[in-house]
1. Looking for something among the β-branched types (V, I, T), surrounded by 12 or more Cβ atoms within 10 Å (Cβ to Cβ), in the same structural domain as G238 (by TED's automatic domain parsing) and not in a loop (DSSP other than H, G, I, E, B) - is there at least one such residue anywhere in segment 105-112?
2. Of (1) surrounded by fewer than 22 Cβ atoms within 10 Å (Cβ to Cβ); (2) in contact with a Phe, Trp or Tyr (Cβ under 7 Å, 6 or more places away or on another chain); (3) within 19 Å of S231 (Cα to Cα), Q141 satisfies all except one. Which?
3. Looking at segment 140-156, is at least one residue under 22 Å from Y218 (Cα atoms), in a strand (DSSP E or B) and in contact (Cβ under 8 Å) with a residue 12 or more places away in the chain?
Amino acid sequence: MQRARLFAASSILLLGTAACAPTKKDLQADLDSVKGQLTQTEAERDDLASQNEDYAKTLSSYDNAVAVYDDALSKSGVELEELAKRQRMTEEQLRDALEAQAQREIEVATYKRLFKRLQKLIDTGQIKVVFRKGKMMVQLQSAVLFDSGKVELKEEGKTALAELADVLKNEGREFLVAGHTDNVPIKTARFKSNWELSTQRAVVVLDFLVEQGFPEKYLAAAGYGEVDPVSGNDTPEGRSDNRRIEVILMPTPAQVRGLREVFAGQ
């Protein structure tokens, strides 16, 4: 009886064990599932590898683009700097040109005003107003001012210089009194050369202008002798033209630029 029970129990245990054991079909299904997961993982790996490759290419392209951009930016900076320099130069040149033009206009206006105020002396033949070497010059013939070989002012010369001083003394500008002679040599006990004669005459005229109230700080004197003629010395008329005193309006430094062009041909 007891054996019968043990046999029955063993049979039940074997039956239970046989019921829990996987079948070949189950094992094949599990194997197929694992293969499927492996295939999916490999596909995902390949996809990630492809994405990484694309990313690497994109990054490389980006790096190249940044390098190109930096290079272009650097060049652009240099070009902009050069352009700025040229622009500044252009602005400076334009400003200088405008300033020079403004100064020329001021100077021309001064010349016109002085010419109008000197018109009476011009009409009477006591003076001539000319433009030489870019400067306005009032010319007085030596015959009006001095006797031949002398440096003492004649009365008619004093009258002309007094009127001239009245016009010029309040201009606040510098004037050069220049003495000139012809090429006929002079050699006296007082003057050994035309240089000395022309210089002394210029100083005498300067002193007289100062006596008329012309500010000393605006006057200077120079003697040129025979070296700066305005006419030929081969005729009496030419030599007479060369024996002269010039009272020259000196341009300011800002007004020097371009005056030669303004008065070219005059």
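The values are calculated or read from the model by the stated rules, or taken from the named source; none is laboratory data. Computed from a predicted structure; not experimentally measured. Methodologically, a virtual Cβ is constructed for each residue, glycine included, from the backbone with ideal geometry; neighbour enumeration extends over all protein chains shown.
1. No, segment 105-112 has no match at all.
2. Evaluating Q141 over (1) surrounded by fewer than 22 Cβ atoms within 10 Å (Cβ to Cβ); (2) in contact with a Phe, Trp or Tyr (Cβ under 7 Å, 6 or more places away or on another chain); (3) within 19 Å of S231 (Cα to Cα) leaves (2) as the failure.
3. Yes, some residue in segment 140-156 is under 22 Å from Y218 (Cα atoms), in a strand (DSSP E or B) and in contact (Cβ under 8 Å) with a residue 12 or more places away in the chain.
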